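Worksheet: one structure, shown below.
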Amino acid sequence: MPPRPPLDLLAELTNTPPPPETPVRVAVRRVKIWTPLVLLLVVVFAVVQAVRPLPDPQLTMTAEQTYTFDGEKPTLPWPEKGQAFMAASGAGSLGSSGEQTPVPIASVTKAMTAYVILKEHPLKRGENGPSIEIDAKGEAEGQLDKTDNESTLNTVKEGDKLTLRDALAAIMIPSANNIARQLARWDAGSEEAFVEKMNDTAKDLKMTNTTYTDPSGLDATTVSTAEDQVKLGLKLVEIPAFMDITKLPSWTDPSGKNHPNWNGLVPYNGALGIKTGSTTKAGGNLLFAAHKMVGETDQLIVGAVLAQHTPSILDTAIAASKELMLATQDALTSRTLVKKGDVVGTVDDGLGGTTPVVATKDVKAVGWAGLKVKLELSDGGAAVPHSAAAGTEVGMLTVGEGASQVKVPVELRKDLAEPDFGARLTRVG
């Protein structure tokens, strides 16, 4: 027998008939039952919303993301023959001449030899680095200057030790083939294994038209393009200890013998090296770098001139490079992209609130007529706070890339406060 309704039982006990069921009575009863539950759920929801972790604030850029220097792109004095390429660190290419097809590059190869060595054995400014012991082959090949007309360091003997700095100077200034091969054996155990590293590094740098077959560049099968060599040069100029070597007009080896730099550009007009190369098959070649102070920016430029076969081949390459270097330096100019106090972005708290951020000083960039540069706003590697006082630095505005890029901190224009209770309560997701 099913249980009887409570009101019927109450009616029997009190002899009072239950009130008749009506829609109103049913509705009232339901309200009395569900209202406390609903209120409880509302309270629980509010508490949960209030204590939920806040979303991470995000920096959003509101300023123009690019800037174009007014005027027409400069025309550079490109060499009539061979190939060439010019670029500025962090800004891009100024153009090229000739067909960018692989050609022998001779001792310019040693620029990659040095780069691979410095990747494996970093050298800081003022340091000499580890010692490299000269083996019997290194001594014997040092005498090839007499028999095969090779560029060598002929003052070393088996058992002698060169610091890494001196070894790099030996391959970059007198262009010593025997020391380039010695460094390869010291680093990788064999010249063949080192050449594999050279080609792997070329792939990493997207030097798609480059093949290395030896660490010295004597082999004509080591080929590259001016564009590819500039890609490498843009990495080398970011190593100050290396630039301190290549910009030397001469170097004195441990025996006391002085060696002039084959690169006749240094130390004039801000030239920084990098490496010459010349053989009958390759012609005259030069991978070069220079710098110029433009406003507050020390702008680095890198160029390459290859396959110059007009005698004297190396002098021809150096002369063409000098014209390109000077013209590029002259083309460089500075522009103010953003002024101090300009709003460049906002901090978005993720719940609908935004706080403006401003540049802490003028943002100036170096470029040339017709160049388009990109501006980026980032947190600078530190998390944006949920709350902070006006004037707090919360990020970095960056123009360009590499060693010559410009970075300016950005700060809050007004106090940054955490989202209020209403924003927390109404958040979704």
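The values are calculated or read from the model by the stated rules, or taken from the named source; none is laboratory data. Worth saying up front: this structure is predicted, and the values here are computed from it rather than measured. We place every Cβ from the backbone using ideal geometry, glycine too, and count neighbours over all the protein chains shown.
If you go through segment 312-325, how many residues are surrounded by fewer than 18 Cβ atoms within 10 Å (Cβ to Cβ) and either over 14 Å from Pro79 (Cα atoms) or of a type in the set (A, V, I, L, M, F, W, C) (or both)?
Looking only at segment 312-325, we keep the residues that are surrounded by fewer than 18 Cβ atoms within 10 Å (Cβ to Cβ), and these are 312, 315, 323.
From the residues that got through so far, the ones that are either over 14 Å from Pro79 (Cα atoms) or of a type in the set (A, V, I, L, M, F, W, C) (or both) too are 312.
Of the residues in that region, 1 qualify.
With respect to Ala271, is the statement that it is without any contact (Cβ under 8 Å) to a residue 60 or more places away in the chain and not charged (D, E, K, R) true?
Details: without any contact (Cβ under 8 Å) to a residue 60 or more places away in the chain: yes; not charged (D, E, K, R): yes.
Against the criterion (without any contact (Cβ under 8 Å) to a residue 60 or more places away in the chain and not charged (D, E, K, R)), Ala271 qualifies.
Please enumerate the residues belonging to segment 353-405 that are without any contact (Cβ under 8 Å) to a residue 60 or more places away in the chain, surrounded by fewer than 14 Cβ atoms within 10 Å (Cβ to Cβ) and either touching a Lys or Arg at 6+ places or on another chain (Cβ under 7 Å) or aliphatic (A, V, I, L, M) (or both).
Lys361, Ala382, Ala389, Ala390
Could you tell me which residue of segment 237-260 is surrounded by the most Cβ atoms within 10 Å (Cβ to Cβ), considering only residues that are touching a residue at least 60 places away in the same chain (Cβ under 8 Å) and in contact with a strand residue (DSSP E or B) (Cβ under 6 Å, 6 or more places away or on another chain)? Break it down into steps so the answer makes sense when it comes.
Filtering segment 237-260 down to residues touching a residue at least 60 places away in the same chain (Cβ under 8 Å) leaves 237-242, 244-246, 248, 250-251, 253-255, 257, 259-260.
Imposing the further condition that a residue be in contact with a strand residue (DSSP E or B) (Cβ under 6 Å, 6 or more places away or on another chain) reduces the set to 237, 246, 250-251, 259-260.
On the way: Val237: 23, Thr246: 26, Ser250: 13, Trp251: 19, His259: 19, Pro260: 12.
Checking each candidate, the answer is Thr246.
Being modelled with pLDDT of 85 or more and part of a loop (DSSP other than H, G, I, E, B) is the filter here, so list the residues in segment 403-416 that pass it. Give the steps one after another, and end with the answer.
Taking segment 403-416 first, the residues modelled with pLDDT of 85 or more are 406-416.
Result: Arg413, Lys414, Asp415.
Quick one: which helices (runs of 4 or more DSSP H) sit completely within segment 140-207 and have at least 2 residues that are under 29 Å from the mean Cα position of the chain (by Cα)?
Working: elements: 144-147, 164-172, 177-188, 191-204.
Hits in segment 140-207: 164-172, 177-188, 191-204.
Going through Glu196, Glu227 one at a time, which residue ends up being within 19 Å of Pro104 (Cα to Cα) and without any contact (Cβ under 8 Å) to a residue 60 or more places away in the chain? So that I can check it myself, show each step before the final result.
Values: Glu227 fails: without any contact (Cβ under 8 Å) to a residue 60 or more places away in the chain.
The unique qualifying residue is Glu196.
Taking Arg181, is it in contact with a Lys or Arg (Cβ under 8 Å, 6 or more places away or on another chain), surrounded by fewer than 20 Cβ atoms within 10 Å (Cβ to Cβ) and either under 30 Å from Trp78 (Cα atoms) or not acidic (Asp, Glu) (or both)? Break it down stepwise before answering.
On the way: in contact with a Lys or Arg (Cβ under 8 Å, 6 or more places away or on another chain): yes; surrounded by fewer than 20 Cβ atoms within 10 Å (Cβ to Cβ): no; either under 30 Å from Trp78 (Cα atoms) or not acidic (Asp, Glu) (or both): yes.
So Arg181 fails the test.
Out of segment 295-308, which residues are closer than 14 Å to Ala403 by Cβ and buried (at least 18 other Cβ atoms within 10 Å of the Cβ)?
Within segment 295-308, Thr297, Gln299, Leu300, Ile301, Val302 meet the criteria.
Condition (residue is of a type in the set (A, V, I, L, M) and at pLDDT 70 or above) applied to segment 63-78: is it met by at least one residue? Step through it out loud before you land on a result.
Filtering segment 63-78 down to residues of a type in the set (A, V, I, L, M) leaves 63, 76.
Narrowing the set further to residues that are at pLDDT 70 or above leaves 63, 76.
Yes, segment 63-78 contains at least one residue that is of a type in the set (A, V, I, L, M) and at pLDDT 70 or above.
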